[in-house]
Every structure is written in structure tokens, then in C-alpha cells.
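Comments concern the structure below.
The values are calculated or read from the model by the stated rules, or taken from the named source; none is laboratory data. What you see is a predicted model, and the numbers here were worked out from it, not measured in a lab. As a convention, Cβ positions derive from the backbone with ideal geometry for all residues, glycine included, and neighbour counts pool all protein chains shown.
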Amino acid sequence: MQRINTILILSVLLFSTEVAFSQCETYLQKADAFFAQKNYADAKKQYQAYKICDSSPNAYVDKQIAACGNSEDTEKKLYYNENWQGCSQYQAKYYRLAKFDASGKPVGRVLDYYITGELQSEIDGAIYIDEVNDRNSKFTGNTIGYHKNGMISHEKKYDNQGNILSSKSYKEDGTLIVPRTKPSIGIGYFSGYKSDQAKNDITSAFVKDGRFIVTQIQNSGYGSNQQTTSDVDYIISGTSECVQRERTEYINVPATKYSNAVRIPNTIPEIVNVVITLTDANTGQIVVNSNYNLKNLNRISGNIFPVKFTVNNVDDGKIGIVNTSGGTYFIDDIFNVYEEYGNGGKNFLGKLKIGKTNNDCKITEGKKEINNRFKAGAKLVVTR
């Protein structure tokens, strides 16, 4: 009986030794892997764990720990301008405090400050920090940003790969900012004859279109230094001129035995041409430059940002359409009919004329091909 107990104790001790040895080898394997990846901070921790686990002298481990000796995390102060691009201290609007290990990998929390010292944001962690252009940086965990007055400006949540999972923004008074779902059109400066009327009619055209948020702004000209006071995507501005002023001519109607001679006034209306300039608010690039008559300004939005329909019915010479983009269009407008492919490509099939209703549009070109492709199950779309 005593011999059996002795064997049992020896077996337990041997098993415990094997387990301990196995754990020690795991520390060593991890340490060597981190060292090969030049992740010296984590490598040093694993080598130290191995040394504690295996008390026997090990010159190799001591040598590796020494090689990792300069792996202490270092804190850096990075300076950024108003666009979060790296710059000198004297050009900076913000600065960042972040720690990096010996391999240059960010470690721990990242803190951003306004150059005047107020906390600008707290970031849980980072995968990569770009010192030249912060747009390329990748963060993890939660981020809380602050206005200069201390109120929260934004909250973001990232996954472990740096992808944004959720985002909220707030005004300085703490009001939640609801993200825009429509492009914003800023109505800028108009010059020339009846510029106020042109501006008002253009504003009305975009408001009634329904696809845009319209706001009045002051713009300071075109080019790469375009500045706006509003969060807009495009700026509409331009000039207007009177081609022919309104005048009245009289038609002489001779007397008859039933009436006296009279002069009938005939008023010829003025014609105002408006040169429309559409500018990208972010780059200052002019993307559209068109000439319209004042009476046709209601067509601006539909021409610059085309309406798109899908086809839900084709019956010989008639087509039924559904407006999928929003926007204004008019009876008798001519649109093109295309077959749209899964890869985004399309093939021209014909033309149609807008009817009094969307179910009463007339095919004016390509009748046979449009009918055949619709019957074959093709996806048909309609644009200008």
C-alpha cells in the first residue's frame, strides 16, 4: 500500500513538472514570435515570464531580454493643423499625446488637445497613427470628442480593425446633429439685371425639386481657396442680364360703323438670361456652367441632377415608370430608355415622352426593342 502511494506521488510530481515545462515553453515560443515581428515590448514580457517559470540558468533568454532592453513605451507629442495634417508647432491648431512601443506601434489611450490646451478628444486605442495625414489613422474602441467649451462634440465606436461601427455629432449646446440625407445646395452671389429675382427663382427651383436642402450662403469666389459659412455640397451662383427690355406697342384698329377707332396695347415681355455656375463647395471646382432663360429656371435642378426612373410596365407603345431619384420633370419631356446590367453598365434601347401621368408615357423610338427586352425580364431604366 505504501509503495502504491509513493508511485502515485511520483506520478503527480512528474505530471506537474511536465505541465510547468510545457507552460514555460509556451512563454518562450511566444517571446521568439514577438521578437521576430520586432514587437520587442511584448517579447520582453514573455521572456521575463519564461525566466520566472524556468529558474534554471539560461544565457539565451538573458541575451534576448537585453536585446529588448530599449523597448520601453515612449510618449510623443504630434502637431496637426486645422485639417488634421501634420505640421510644425507654430502652425498647429491641435496636438496629440500618444505612446508607441519600440516597433512604432501605438500603445494605450490617445489624447488630443486644442493648441490652447483644452481637451479635444479621448480615444481608447489605435492600430496606426499617421503623423502626416490623420485621415489615414485607424482607431479602436470608443472615442469622445469635445468642443472648446467642454461640451461633447462627437462620439464614435470602432471595431478591432478600425472600422466605424457608430457615430454621433453634437452642437456646442449639446443638441444632437442629425446627419443629412440630402445634398445641400448653397445659393451664393448673383450679379446683373434683376439678380434678386434670378436668385429667388433658382432657390425655388431647388426647394420644389425635393432632393436638396437649400440654404443662403456668402461665398468668396472660386478656386482652391473656396470658403463657405455653411455645410453645403454645391454652391449655385452666377450672373443675369436683360436681353430685351419689356416694351409696349400699340395696334391701331380702324373705326367701323359699329365702333370707333381704337389703339390696343401689346406688351412684349422682357427676356432675362441667367448664367448658372455650379461649384463643388469642398474643392472650388466649377462642375456646371449653363445659360437659362428666367422663365425656364424651374428646369435647372432636373438638368443638373438628372431624374431617374425604373420601368414597371411596357404595353406596345406605352411605358409605365416609377420615379426612383425624386426631382422635377414635365409633361412632354423626352427621356432615354436603357437596359441596365448587374455590373452597372447600360445599353440604349430608345426614347419616351413623359405623359400626363407616369403610366401614360409614349415610346417615341425603339418600340420593338423596348418591348422585347421588357418581356425577356430585363431591367429597364429611364434617364435624360
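Structure data summary
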| item | result |
| --- | --- |
| Unique match (being under 30 Å from LYS199 (Cα atoms) and either in contact with a Ser or Thr (Cβ under 6 Å, 6 or more places away or on another chain) or loosely packed, with under 10 Cβ neighbours inside 10 Å (or both)) among VAL275, VAL243 | VAL275 |
| Selection count where residues are more than 19 Å from ARG245 (Cβ to Cβ), touching a residue at least 12 places away in the same chain (Cβ under 8 Å) and part of a strand (DSSP E or B), scope the range 258-290 | 12 |
| Long-range neighbours under 7 Å by Cβ, at least six apart or interchain, first residue over 30 Å from GLN37 (Cα atoms) and assigned by TED's automatic domain parsing to the domain that holds PHE139 within the range 103-118, second basic (Lys, Arg) and surrounded by fewer than 14 Cβ atoms within 10 Å (Cβ to Cβ) | TYR114/LYS148; GLU118/LYS148 |
| Restricting the range 200-214 to residues that are surrounded by fewer than 16 Cβ atoms within 10 Å (Cβ to Cβ) and either part of a strand (DSSP E or B) or free of Cβ contacts under 8 Å to residues at least 40 places away in the same chain (or both), the residue that is farthest from the chain's Cα centre (by Cα) | ASN200 |
| Cβ-Cβ under 6 Å pairs, at least 6 apart or on other chains, the range 78-93 side assigned by TED's automatic domain parsing to the domain that holds GLY117 and without any contact (Cβ under 8 Å) to a residue 24 or more places away in the chain, far side part of a loop (DSSP other than H, G, I, E, B) and basic (Lys, Arg) | ASN81/LYS93; GLU82/LYS93 |
| SER195 vs. criteria touching a strand residue (DSSP E or B) at 6+ places or on another chain (Cβ under 6 Å) and within 30 Å of ASN303 (Cα to Cα) | yes |
| Some residue of the range 68-75 being under 25 Å from the mean Cα position of the chain (by Cα), in a loop (DSSP other than H, G, I, E, B) and surrounded by 12 or more Cβ atoms within 10 Å (Cβ to Cβ) | no |
| Residues that are in contact (Cβ under 8 Å) with a residue 24 or more places away in the chain, more than 30 Å from HIS147 (Cα to Cα) and of a type in the set (D, E, K, R), drawn from the range 164-198 | LYS194 |
| Filter result for the condition that a residue is farther than 30 Å from PHE374 by Cβ, in the same structural domain as ILE217 (by TED's automatic domain parsing) and under 28 Å from the mean Cα position of the chain (by Cα), over SER290, SER259 | SER290 |
| All positions within the range 202-227 that are farther than 14 Å from GLY302 by Cα and at pLDDT 75 or above | ILE213, VAL214, THR215, GLN216 |
| Selection count, the range 180-199, where residues are surrounded by fewer than 15 Cβ atoms within 10 Å (Cβ to Cβ) and within 29 Å of the chain's Cα centre (by Cα) | 4 |
| Test for ASN359: is it surrounded by fewer than 16 Cβ atoms within 10 Å (Cβ to Cβ), assigned to a strand (DSSP E or B) and not hydrophobic (A, V, I, L, M, F, W, C) | no |
| Residue match in the range 133-149 (condition: outside the structural domain of GLN244 (by TED's automatic domain parsing), part of a loop (DSSP other than H, G, I, E, B) and either exposed (fewer than 14 other Cβ atoms within 10 Å of the Cβ) or of a type in the set (D, E, K, R) (or both)) | yes |
| Leading residue by the ranking (nearest to ASP101 (Cα to Cα)) among those in the range 46-66 that are part of a helix (DSSP H, G or I) and free of Cβ contacts under 8 Å to residues at least 12 places away in the same chain | ALA66 |
